[in-house]
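The values are calculated or read from the model by the stated rules, or taken from the named source; none is laboratory data. Since the structure is predicted, the reported quantities are computational estimates derived from the model, not experimental observations. Positions of Cβ are generated from backbone atoms using ideal geometry, with glycine treated the same way; all protein chains shown enter the neighbour counts.
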Amino acid sequence: MYLLAEIHTPGTAFPGNVFFLLIFFGALAFFGYSVWARLLKPMLQARREDRLYSLRSIAKRTAELIPLVLGNARVARPRYWYSGILHTMIFWGFVVLQLRTLNFILEGFDEGIAIQAWGDPVYQWLRPVMDLFNLLVIVGVGMAAFQRFALRPPRLTLNWDAWAILFLIAALMVSDVMVNAAQIALYQPDWAEWSFLANAVAPAIEGWDRGALEAFHTGSWFAHLLVFTGFLCFLPFSKHSHIFTVPFNVLFKRDENYAYLRKLDLDAPLAEPEPGKEDELPAFGVGKWQDFSWKNILDFYTCTECGRCEVNCPAFLTGKDLSPKAIEHNARMHVTHEVDAPLIPLALKKGPGTTGSADAHGAPGETLIEAEGFNSIWDCVTCGACMEQCPVMIEHIPEIIDMRRFLVMDEARMPETAQATLANLEQRGHPWRGTAHTRTGWMEGMDVPTFDGSQDYLYWVGCTGALADRNIPITKAMASLLQHAGVSFGVLGDLEICSGDPARRMGNEYVAQAQIQQNIETFKQAGAKKVLTNCPHCFNIMKNEYPDFGGEFEVIHHTEFFNDLVKEGALRPKKSLGRGKYGDQYTVTYHDPCYMGRHNDSFEAPRELIGNMGARVSEMEWNRRKAFCCGAGGGHMWVEETKGKRINHARTEHAYATDADTIATGCPFCIQMFEDGIPTVQPDEEKRMKAFDIVELLQVTVLPSGNGATAEAVAPAPGAGEPAGEAEAAPDVTEM
Ligand code: SF4
Ligand code: SF4
């Protein structure tokens with residue numbers, strides 16, 4: 001054990017102690033004020049939202065802190081291996097070196113209370129560990145600098161914020177080593193060999209005279225103090241504020257799925273306000289930052305600007321205005337400008353500027369909607385790719401749709417196509433303008449029972465299944481297969497109206513709630529307990545959002561249902577789908593509908609089903625959790641894309657890139673989008689791929705031939721899979 005009296009910390013003797021106390025407590029006060037003014041104050045002024053759910057949920061989310069925060073599970077994904085490695089090194093270095101920081105601060109007050117004065121032998125044993133992590137942080141910072149300087153992945157925001165933080169982290173590590181090296185050179189403590197990094201540096205300065213060594217010790221010590229306190233003061237203004245917000249963002253993440261939208265109170269905004277409190281009435285959705293919930297505000301200040309959401313967003317990748325990263329960044333800038341924080345200098349308030357990859361708004365004086373951009377709010381197809389990829393559990397979809405709700409219900413501002421669709425939904429109860437079909441037309445020639453409560457399943461056909469030309473054969477195939485399997489089911493026929501999903505995702509909560517309530521009433525009156533559907537959008541809203549309106553039903557998607565029927569032997573795929581275009585095994589590329597896959601975790605059933613039909617699955621580059629949207633979600637089945645490449649054309653190209661015989665999916669919207677995309681990617685009819693719902697393939701292998709249930713109906717054209725131009729595979733974002 002070295003003698004305590006031998007080490008004199010510069011911060012404990014006059015005038016060093018005065019500097020230390022001023023700098024330390026001054027920085028602490030500024031940090032506290034900044035966190036209050038920039039983060040806590042807006043969170044307190046924002047909308048209240050219950051994020052506790054239940055004790056069970058709290059326990060679950062607390063346990064998830066281990067993999068998600070300590071384990072870096074969503075940061076260190078194979079797809080982003082380089083960032084994952086460097087972030088893990090820096091993160092764990094920070095965690096471990098908190099002990100050294102605590103020792104340093106205590107040392108500043110009094111050497112006698114520093115951990116190294118009383119913590120041995122444990123502190124001694126930890127010295128090499130801390131030195132190792134110090135080294136790892138320096139390597140991690142070097143890797144991050146190389147990434148920003150040389151690799152420059154477009155998803156990253158390359159502004160001075162990150163450079164400032166990298167510099168501060170490196171300076172923190174280096175000054176820490178220098179302090180220890182100076183102490184070794186000056187006092188030869190018996191822990192010297194344990195602190196291998198500092199001990200390796202010490203010989204370089206050991207030859208200096210004592211005065212120079214003491215000056216170096218003092219300089220390093222105060223440099224470390226200044227870097228540490230500077231880091232603390234800058235943190236609340238940097239995207240690196242995520243260092244302290246991430247654990248809370250993970251702890252308070254939603255229990256519901258990515259797509260879930262909260263039920264709006266439609267009466268509250270219309271209530272008579274108390275005099276002087278007109279501004280405090282809740283809005284329809286979010287029109288000003290105070291309408292966001294406290295959790296949304298926490299999201300804005302947690303965004304690391306890593307850009308993973310952006311490079312997975314189909315809207316961004318096809319050239320639309322929307323960038324989910326910019327949604328978070330612009331909101332943060334807007335809130336920062338709007339919240340009153342008189343002690344914070346304007347330059348700091350402004351922060352480091354643009355996102356680098358999308359138009360940055362959020363300038364003083366803009367409204368929230370101006371800051372985010374009308375087009376961006378309408379570009380979102382609610383696919384959830386952003387939320388799936390975000391390493392810090394940010395919730396883009398509800399934030400975007402809440403702003404859309406405000407635009408529609410408060411300002412009546414929406415694209416023309418959205419307006420026409422919403423009008424149709426309101427007047428006719430379905431979104432298909434100009435359809436010549438009726439709800440029951442598809443049943444002609446079939447003996448389909450009406451649901452009367454005596455059957456096991458209510459087959460929910462959906463608007464698209466009944467009213468869109470291309471989807472009617474799918475509905476017929478579905479009913480035929482159910483009958484063939486002896487399933488007890490019935491349909492509602494003319495009693496069906498839209499499920500409420502399109503109106504809800506398009507922001508018209510009035511129409512959506514009316515439809516939801518009417519359907520729940522119909523289901524209850526009919527005595528329905530189990531609802532079977534082939535529309536993932538109907539499936540999602542009925543399963544996850546109808547319960548908020550008192551509608552608790554068991555909802556089943558047809559991919560899961562038919563897979564079970566095949567596995568149980570109720571349906572036997574005995575016939576072949578035929579040969580592939582090269583005379584080999586028939587190959588199917590399966591497109592995961594966002595509302596079944598990412599939003600409801602159903603990936604394997606359709607693939608098993610394809611395998612059980614004797615076909616091979618050829619995966620698109622982006623599949624399962626990272627599947628690329630077809631472009632129809634969030635009401636975009638009917639809302640025209642106004643800019644860039646069409647999302648469905650991009651997805652069709654991904655399918656072409658597999659060279660499969662056929663595209664299969666399990667969603668009526670996706671089918672429509674492929675039907676539109678295929679002729680664009682391949683104008684030559686002889687060379688076109690075909691897109692089928694999975695039940696259309698199943699009926700070929702199960703049902704007696706006829707009514708389209710023949711291998712000829714699904715046979716690939718000889719040149720199918722050959723695109724007219726160069727088929728664009730999904731962009732590769734590995735190594736970024
Ligand atoms: S939900 Fe999809 S379209 Fe919307 S912002 Fe996220 S990734 Fe982009
Ligand atoms: S929202 Fe999430 S994924 Fe997107 S930039 Fe921010 S931290 Fe990264």
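Before moving on, here are some points about what is shown:
- Some residue of segment 95-106 being under 25 Å from the mean Cα position of the chain (by Cα), of a type outside the set (Asp, Glu) and under 18 Å from residue 250 (Cβ atoms): no
- Listed conditions (1) of a type outside the set (Asp, Glu); (2) surrounded by 14 or more Cβ atoms within 10 Å (Cβ to Cβ); (3) without any contact (Cβ under 8 Å) to a residue 60 or more places away in the chain are all met by residue 285, apart from (3).
- Some residue of segment 249-260 being assigned to a helix (DSSP H, G or I) and surrounded by fewer than 19 Cβ atoms within 10 Å (Cβ to Cβ): yes
- Candidates 683, 668, filtered to the one that is at pLDDT below 95 and either assigned by TED's automatic domain parsing to the domain that holds residue 470 or away from ligand 2 (no atom under 16 Å from the Cβ) (or both): 683
- Residues (buried (at least 20 other Cβ atoms within 10 Å of the Cβ) and in contact with a helix residue (DSSP H, G or I) (Cβ under 7 Å, 6 or more places away or on another chain)) located in segment 433-457: 439, 442, 448, 451
- Filtered residue count, segment 9-23, keeping only those that are at pLDDT 70 or above and under 29 Å from residue 121 (Cα atoms): 6
- Extreme residue, nearest to ligand 2 (Cβ to nearest atom), among residues of segment 312-333 that are surrounded by fewer than 24 Cβ atoms within 10 Å (Cβ to Cβ) and not charged (D, E, K, R): 317
- For segment 21-63, the set of residues classified as of a type in the set (Ser, Thr, Tyr) and closer than 28 Å to residue 106 by Cα consists of 33, 34, listed by residue number.
- Among the residues of segment 511-537, those identified as closer than 21 Å to residue 418 by Cβ and either under 27 Å from the mean Cα position of the chain (by Cα) or in a loop (DSSP other than H, G, I, E, B) (or both) are 512, 513, 516, 535, 536, 537.
- Taken together, the criteria exclude residue 281 from residues that are of a type in the set (A, V, I, L, M, F, W, C), on the phi < 0 side of the Ramachandran plot and within 16 Å of ligand 1 (Cβ to nearest atom).
- Verdict on residue 343 being modelled with pLDDT under 95, in a loop (DSSP other than H, G, I, E, B), more than 21 Å from the chain's Cα centre (by Cα) and away from ligand 2 (no atom under 14 Å from the Cβ): yes
- Note on segment 281-308: residues that are within 9 Å of ligand 2 (Cβ to nearest atom) and over 30 Å from residue 513 (Cα atoms) total 7.
- Within segment 387-398, being farther than 17 Å from residue 65 by Cβ and either among the hydroxyl-bearing types (Ser, Thr, Tyr) or near ligand 2 (Cβ under 10 Å from one of its atoms) (or both) holds for 387, 388, 389, 395, 396.
- Put simply, of 200, 223, 192 the only residue that is within 18 Å of residue 8 (Cβ to Cβ) and part of a helix (DSSP H, G or I) is 223.
- Close Cβ contacts (under 6 Å, 6 or more residues apart or on different chains) running from residues in segment 374-399 that are under 18 Å from residue 248 (Cβ atoms) to residues that are hydroxyl-bearing (Ser, Thr, Tyr) comprise 387/258; 392/302.
- Residue match in segment 35-44 (condition: loosely packed, with under 13 Cβ neighbours inside 10 Å, touching a helix residue (DSSP H, G or I) at 6+ places or on another chain (Cβ under 9 Å) and without any contact (Cβ under 8 Å) to a residue 24 or more places away in the chain): no
- Screening the candidates 263, 277 for the property of being of a type in the set (D, E, K, R) and either in the same structural domain as residue 400 (by TED's automatic domain parsing) or modelled with pLDDT of 95 or more (or both) yields one hit, 263.
- Unique residue being crowded, with 21+ Cβ neighbours inside 10 Å, over 18 Å from residue 670 (Cβ atoms) and touching a Phe, Trp or Tyr at 6+ places or on another chain (Cβ under 9 Å) when the list is 597, 580: 580
- Members of segment 301-327 that are more than 7 Å from ligand 1 (Cβ to nearest atom), more than 20 Å from residue 236 (Cα to Cα) and in a helix (DSSP H, G or I): 310, 311, 317
- Just one residue in the set 587, 522 is closer than 23 Å to residue 477 by Cα and either in contact with a helix residue (DSSP H, G or I) (Cβ under 9 Å, 6 or more places away or on another chain) or of a type in the set (S, T, N, Q) (or both); that residue is 587.
- Close pairs (8 angstrom Cβ cut-off, 6 or more residues apart or separate chains): in the same structural domain as residue 627 (by TED's automatic domain parsing) and more than 19 Å from residue 241 (Cα to Cα) in segment 310-329, among the basic types (Lys, Arg) and near ligand 1 (Cβ under 6 Å from one of its atoms) anywhere: none
- Meets criteria (free of Cβ contacts under 8 Å to residues at least 60 places away in the same chain, assigned by TED's automatic domain parsing to the domain that holds residue 666 and crowded, with 17+ Cβ neighbours inside 10 Å) for residue 617: yes
- When the criteria are applied in full, residue 182 meets the requirement of being surrounded by 21 or more Cβ atoms within 10 Å (Cβ to Cβ), in contact (Cβ under 8 Å) with a residue 12 or more places away in the chain and small (Gly, Ala, Ser).
- Residue 625 vs. criteria farther than 30 Å from residue 572 by Cβ, modelled with pLDDT of 95 or more and not in a loop (DSSP other than H, G, I, E, B): yes
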